[in-house]
Amino acid sequence: MGRFVVFEGGEGSGKSTQARRLADRWGALLTFEPGGTEVGQQLRQILLSPETGDLDARAEALLMAADRAHHVATKIRPALNRGNDVVCDRFVGSSLAYQGYARDLGIDEVQALSTFATDGLVPDLVLLLVVPPDVASSRLAAAGKPDRLEAAGEEFHRRVAEAYLILAAHDTDRWVIVDGSGTVDEVEARVLDAVEARLPSGAGA
Ligand code: TMP
């Protein structure tokens, strides 16, 4: 089995850049949610396009879960079974933080849905990139027009950030908090330290 590492964090946390860096370093499969498969791209469009408008919170959670189920079954699990490492930009933690906590569906309910979707697959390591809200909003502003979830408001994103810290505190075996402020190189050095400490077999990769 390959190693399965997930990056989590709020909008503008820099996790996508760091996921790419780690995947390049390891020669790992780099993938993401929602939208890591062809079917997933269609679901991503529904989930994130501002044109979708209001979407019921349970429907949103189920579409995220549908994306994940197909992604795990057709891409992530086969790669891990072939012995490839997989680096994924967002996974179950995003559903727990955004739908479970910030949308108030309940972390336990969304965990149950997610376990069904993944058929029990869990990451070896979850790296949570945390940046101060002003750093995140200036990175976001530079990224252009917000998608449906980015546009969900300050209070929503404050709750997402709070949820992530709760999740990390409750699963310290799997989750590591990484300070996402500073340059890309500085953050990468922190990521590599965390990976080295938690998955030492990957040290030489
Ligand atoms: P990103 O590709 O820019 O990270 O955007 C994905 C958006 O979807 C982001 O706002 C977080 C959100 N999201 C959820 O709400 N639940 C999930 O399970 C996942 C994977 C993403």
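The values are calculated or read from the model by the stated rules, or taken from the named source; none is laboratory data. Just so you know, these numbers come straight off a predicted model, no measurement behind them. Neighbour counts are summed over all protein chains in view; Cβ atoms, including those assigned to glycine, are modelled from backbone coordinates with ideal geometry. For accessibility, only protein heavy atoms count, side chains too; no ligands or nucleic acids. Shrake-Rupley method; radii C 1.70, N 1.55, O 1.52, S 1.80 Å.
Here are the numbers for this structure:
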| quantity | calculated |
| --- | --- |
| Residue satisfying condition, being open to solvent by less than 30 Å² (accessible area, probe 1.4 Å), in contact with a helix residue (DSSP H, G or I) (Cβ under 7 Å, 6 or more places away or on another chain), touching a residue at least 24 places away in the same chain (Cβ under 8 Å) and farther than 25 Å from Leu63 by Cα, within set Val178, Val184, Val160 | Val178 |
| Qualifying residue in the stretch 178-188 (condition: closer than 28 Å to Gly106 by Cβ and assigned to a helix (DSSP H, G or I)) | no |
| Scan of the stretch 79-113 for residues that are part of a helix (DSSP H, G or I), out of contact with any Ser or Thr (no Cβ under 9 Å at 6 or more places or on another chain) and either of a type in the set (Asp, Glu) or open to solvent by 40 Å² or more (accessible area, probe 1.4 Å) (or both), ordered by number | Asn81, Tyr101, Ile107, Asp108, Glu109, Ala112 |
| Residues of the stretch 76-95 that turn out to be near the ligand (Cβ under 8 Å from one of its atoms) and among the aliphatic types (A, V, I, L, M), as a count | 1 |
| Filter result for the condition that a residue is away from the ligand (no atom under 12 Å from the Cβ), of a type in the set (Gly, Ala, Ser) and touching a residue at least 12 places away in the same chain (Cβ under 8 Å), over Ala69, Ala57, Ala73 | Ala73 |
| Where a residue in the stretch 131-147 is closer than 17 Å to Ala161 by Cβ and its partner, wherever it lies, is open to solvent by less than 60 Å² (accessible area, probe 1.4 Å) and among the aliphatic types (A, V, I, L, M), with Cβ under 8 Å and at least six apart | Pro133/Ala161; Arg139/Val131; Pro146/Leu140 |
